[in-house]
Amino acid sequence: MRCFIGIDLGSTTTKAVAIDENQNVIGRGITNSRSNYDTAATVAKTEALLNGRFYLFRQALSNTNALNGSLNGFLEQLERDFRSEQYIEQLADLDETCRRNLQTAHFGAATGQVGEALAEVFRQLQQEAPSLFAPGAKRKSDFFRDIAGSQYLAIGETVAKESGTRYDFLLNLFDRSIIEVENRVYADSVRRHLLAALERTFAALPETAARRAQVEAPIKGVLDTELEETYVVGTGYGRARLPFSKEHIRSEILCHGLGAHVMYPKTATVLDIGGQDTKAIQVDPNGIVESFQMNDRCAAGCGRYLGYIADEMNMGLHELGPMAMKSTKAIRINSTCTVFAGAELRDRLALGDKREDIMAGLHRAIILRAMSILARSGGIRDQFTFTGGVAKNEAAVKALTELVFENYGQLQINIDPDSIYTGALGAATFAQRAVMDEGKTAEAKEEATA
Amino acid sequence: MNAVVPMPESRKAKPVAIKDDAMNLQKELINRNYRELAEARQAGRKVSATFVPGNLNELLMCFDFARSLPETNALQNGMRKKSGKFIMDAERDGHSEDVCTYVKADLGMMMGGEIGPTGDPMPRPDVLLLSYTGCFTFMKWFELIRHKYDIPTLMLHVPYQSQGKIDPNMRQYVVKQLKETIIPGLEKISGVKFDIDRLRQYMKESAKAEEDLVSVLQSAKKRPSPIDGYFGAVYYIGPIFTAFRGTPEATHYYSTLRAEIEQRIREGKGPVTPEGDMGEEKYRLIVEGPPNWTSFRDFWKMFYDEGAVVVSSTYSKVGGLYDFGFRHDPDNPLESLADYCLGCYTNLNLPSRIDMICKYIEEYEADGLLINSVKSCNSFSAGQLLILREVEKRTGKPAAFIETDLVDPRYFSAANVKNRLESYFQMVKQKRTTGIGANVKPVFPIAQV
């Protein structure tokens with residue numbers, strides 16, 4: 001089937017969305033942008049197409065009624081098993097890479113001992129792998145680097161202590177190897193992993209195994225369907241890195257404008273707070289960008305500001321919003337400058353203010369900055385759509401809702417749970433239109449890399 | 001003793017910019033003025049320093065002054081990548097980060113031994129002629145220079161065109177100052193008696209050159225435009241806005257330029273860029289605001305790589321507005337000097353600036369307006385967002401906003417500027433290809449404004 005793909009190469013994460021000829025979103029994929037945009041783009045695209053397979057599984061299986069009532073449970077199990085397969089393959093790769101790097105690591109006489117410790121670490125990692133993907137298991141991140149990294153560090157520390165090996169030798173090996181591993185693409189193994197995962201799922205859910213034939217046929221049917229990359233459009237700061245011509249590149253402004261329009265056709269104003277910049281976009285009733293404004297010269301009031309605050313407070317980025325929500329007192333933070341905010345934060349702490357109140361003030365400071373950019377772009381009009389990573393932060397949303405009401409009155413504010421994919425969705429829509437409306441054909445996609 | 005190891009010469013060849021004959025001629029003229037300034041003392045000539053917008057070049061020539069223009073010095077230093085150090089030096093001397101970078105580049109150059117952009121020494125001026133329009137920082141700038149050199153300052157106060165027209169009183173006020181203060185002052189300092197016929201003669205030359213300049217700038221109404229009315233125009237306006245207006249050399253330069261452009265029109269060629277003739281003309285823009293001088297070529301490249309040509313700009317009118325009919329008039333020399341000062345772009349009020357841009361969009365069939373807002377110039381930048389909104393409203397054409405600086409290399413963020421420019425070009429294209437906006441009529445018919 002024909003697929004139209006949008007890839008948004010952001011500064012921190014790379015997102016991909018695949019849509020079909022009728023503009024239905026069939027899959028979404030996300031990965032960390034890492035040091036290598038090429039890999040990030042490929043991984044995100046692979047993930048989106050994989051997600052698309054699951055979408056098609058669902059369609060095919062619900063048509064056959066083979067899993068009446070237990071379809072959701074089955075697909076969830078299948079996905080966990082698939083992730084587990086994928087994880088084990090990457091873990092084996094990491095194991096091998098660590099061993100290879102041990103040979104050139106100059107650990108001297110300790111080399112043998114480190115090798116034994118390393119083998120023990122990986123034995124335990126493999127042993128624990130299935131539990132990571134068990135039903136109900138919580139993961140802080142879906143990126144291999146994060147999952148394997150935290151396990152490796154925890155296990156490595158104990159193993160090093162018990163075997164009398166230096167822990168920093170083990171760390172050194174991990175650091176040298178993880179970049180290699182995360183920059184490899186495993187696209188070819190998707191089918192193999194899915195088939196292996198299917199076996200595991202039948203084992204885990206014996207009642208479905210009884211209907212094996214009815215379940216297997218539609219799944220294999222989907223696996224045999226080629227998901228053709230009919231047309232790809234790229235956007236984001238890394239867009240210049242994508243291996244295709246200018247025709248296939250759109251600016252983030254246009255993609256966010258159109259993406260927001262696709263999600264909410266009545267959108268008039270769009271605010272996107274991304275990692276590196278804040279954009280206020282005005283779109284017409286057809287999703288065409290009418291005007292836009294961006295923050296100037298510095299990342300003041302962008303997603304990075306929150307990242308910096310999280311570092312200052314020694315907290316996770318995702319903990320900031322919930323903490324700010326507990327605030328009971330309004331505190332004004334005037335610095336939207338990333339660096340000065342740190343000073344203001346420390347000053348407030350020294351004055352005895354509570355962390356949650358300070359957090360609420362910081363969130364408000366970001367949004368105040370965004371309000372100024374919105375005003376410059378022509379103000380906020382109904383309906384107003386908030387996109388980008390910061391739209392997931394409830395404290396930011398709260399501050400925005402209040403300030404929009406104070407300044408512009410009662411307006412409809414749209415926030416989609418998948419708002420992080422807005423840019424990629426816009427890009428995918430451009431790809432779909434290029435072919436369906438303008439009759440463009442895909443050029444040799446990998447031309448530039450060949 | 002340690003041996004001194006010389007730094008290896010950079011092996012990377014400097015990119016060679018392609019220039020047409022008129023551009024080379026322009027460069028020669030500018031360089032020649034720096035040589036004249038350097039040799040002024042030996043030649044027994046006095047030196048004047050004055051500003052570009054609304055300058056009195058013809059009048060200064062009547063007193064045999066060698067003419068230095070500190071703004072031009074700063075921008076020439078910017079283009080030659082020398083301004084960064086000067087600005088840092090001036091900041092070390094106590095000037096704030098947020099102050100006009102032309103001022104700091106100039107003061108830094110003085111601190112660094114007064115060597116001008118071409119490597120020729122810059123002489124100490126004998127008189128500062130402050131005929132500033134629109135910018136109050138200029139007044140402080142000359143105060144600083146006066147303080148440093150202890151030299152006389154002549155101030156010509158040019159009233160602001162708050163009503164959007166030149167009132168006869170305003171003209172008389174400027175003429176009175178010319179007669180009672182400026183001319184006697186210049187006579188005293190130079191020791192040369194004022195001869196009004198000499199002034200008339202220079203003005204005749206000015207008017208000829210002005211006629212040719214207007215023809216060149218308006219050639220951008222053609223498709224494809226044979227010139228770039230912003231990046232190219234800053235070369236074209238060099239001689240006439242500085243020390244050469246009124247000289248036969250400038251007249252020759254502009255007739256040569258005009259012939260060259262007419263040739264391009266006959267050949268159906270687009271503008272010359274540093275990398276040769278521009279390719280297909282995809283976007284026609286109007287630009288408001290000065291260019292960034294320190295990354296001038298990179299900035300320009302962002303336009304021509306995308307097929308964007310600037311058909312007209314307000315910056316190419318800062319030193320004098322000729323395309324709506326003004327010419328220096330030998331029959332009324334002092335009155336026309338007054339009108340010239342009063343009518344330059346920086347002396348216009350916001351509604352006049354908006355009208356001018358809307359007219360350009362209509363007459364040059366432009367796709368929209370781009371504003372380059374200058375970080376260190378509050379004077380020029382104030383009101384630019386209002387201009388943007390109003391122009392969008394009246395013309396129905398999209399506008400965009402970018403921010404850089406004049407000569408401070410620290411304030412040009414290439415990724416940021418490029419991102420916005422590309423977004424803008426794509427926005428224009430999208431509006432055009434979908435036909436949306438094509439039939440949008442201006443909210444107010446421009447002719448009635």
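Once region A:270-286 is narrowed to residues that are in contact (Cβ under 8 Å) with a residue 40 or more places away in the chain and surrounded by fewer than 24 Cβ atoms within 10 Å (Cβ to Cβ), the residue that is farthest from the other protein chains (Cβ to nearest Cβ) is A:Gly275. Here B:Tyr364 clears all of (1) open to solvent by 30 Å² or more (accessible area, probe 1.4 Å); (2) aromatic (Phe, Trp, Tyr); (3) over 30 Å from A:Tyr237 (Cα atoms) except the condition numbered (1). Do we have B:Ile371 as aliphatic (A, V, I, L, M), in a helix (DSSP H, G or I), more than 10 Å from chain A (Cβ to nearest Cβ) and within 26 Å of B:Arg223 (Cα to Cα) here? Here the answer is no, as B:Ile371 does not meet what is asked. Checking each residue of region A:57-68 against the condition of being farther than 19 Å from A:Ala213 by Cβ, β-branched (Val, Ile, Thr) and touching a helix residue (DSSP H, G or I) at 6+ places or on another chain (Cβ under 7 Å) gives no match.
Screening B:Val272 on (1) free of Cβ contacts under 8 Å to residues at least 12 places away in the same chain; (2) within 27 Å of B:Ala400 (Cβ to Cβ) shows it passes everything except condition (1). The criterion of at least 2 residues that are without any contact (Cβ under 8 Å) to a residue 24 or more places away in the chain and open to solvent by less than 30 Å² (accessible area, probe 1.4 Å) is met by none of the helices (runs of 4 or more DSSP H) falling completely within region A:185-254. If I ask for residues that are modelled with pLDDT under 65 and at the interface with chain B (Cβ under 7 Å from one of its Cβ atoms), which ones from region A:287-300 would you list? A:Arg297 - this is the single residue of region A:287-300 that is modelled with pLDDT under 65 and at the interface with chain B (Cβ under 7 Å from one of its Cβ atoms). Applying the criterion of being surrounded by fewer than 19 Cβ atoms within 10 Å (Cβ to Cβ) and within 12 Å of the chain's Cα centre (by Cα) to the residues of region A:1-31, the residue that is farthest from A:Asp437 (Cα to Cα) is A:Thr12. Residues being modelled with pLDDT under 75 and either open to solvent by less than 10 Å² (accessible area, probe 1.4 Å) or under 21 Å from the mean Cα position of the chain (by Cα) (or both): count how many of those fall in region A:420-450. So the answer is 0. One residue stands out among those in region B:421-434 that are part of a helix (DSSP H, G or I), at the interface with chain A (Cβ under 7 Å from one of its Cβ atoms) and at pLDDT below 90: the one that is least open to solvent (accessible area, probe 1.4 Å), which is B:Gln430. From B:Met356, B:Met302, which residue is closer than 19 Å to B:Ile371 by Cα, open to solvent by 10 Å² or more (accessible area, probe 1.4 Å) and modelled with pLDDT of 95 or more? Answer to the selection: B:Met302.
Scanning region B:375-416 for residues that are facing chain A (nearest Cβ under 9 Å), under 22 Å from the mean Cα position of the chain (by Cα) and part of a loop (DSSP other than H, G, I, E, B) turns up just one, B:Lys375.
Can you tell me which residue in region B:180-232 is nearest to the chain's Cα centre (by Cα), limited to those that are farther than 22 Å from B:Ser316 by Cβ and among the polar types (S, T, N, Q)? Top of the filtered list is B:Gln201. Screening A:Lys138 against (1) part of a helix (DSSP H, G or I); (2) within 26 Å of A:Leu317 (Cβ to Cβ) leaves a single unmet condition, (1). Filtered by the rule that a residue be charged (D, E, K, R) and in a loop (DSSP other than H, G, I, E, B), region B:309-329 gives B:Asp323, B:Arg327, B:Asp329. List the helices (runs of 4 or more DSSP H) inside region B:95-201, counting only whole elements, that have at least 3 residues being touching a helix residue (DSSP H, G or I) at 6+ places or on another chain (Cβ under 7 Å), touching a residue at least 40 places away in the same chain (Cβ under 8 Å) and closer than 25 Å to B:Leu406 by Cα. Those helices (runs of 4 or more DSSP H) span B:101-111, B:137-149.
The listed residues are A:Gly388, A:Gly409, and the only one of them that is open to solvent by less than 40 Å² (accessible area, probe 1.4 Å) and over 21 Å from A:Tyr305 (Cα atoms) turns out to be A:Gly409.
Each residue in region A:317-344 was checked for being more than 29 Å from the chain's Cα centre (by Cα) and modelled with pLDDT of 80 or more, and 8 of them qualify.
The values are calculated or read from the model by the stated rules, or taken from the named source; none is laboratory data. As the structure is a computational prediction, the values presented were derived from the model and not from experiment. All Cβ positions, even for glycine, are placed from backbone atoms using ideal geometry, and neighbour counts span all protein chains on display. These accessible areas exclude ligands, DNA and RNA; they are computed on the full protein's heavy atoms, side chains included. Shrake-Rupley method; radii C 1.70, N 1.55, O 1.52, S 1.80 Å.
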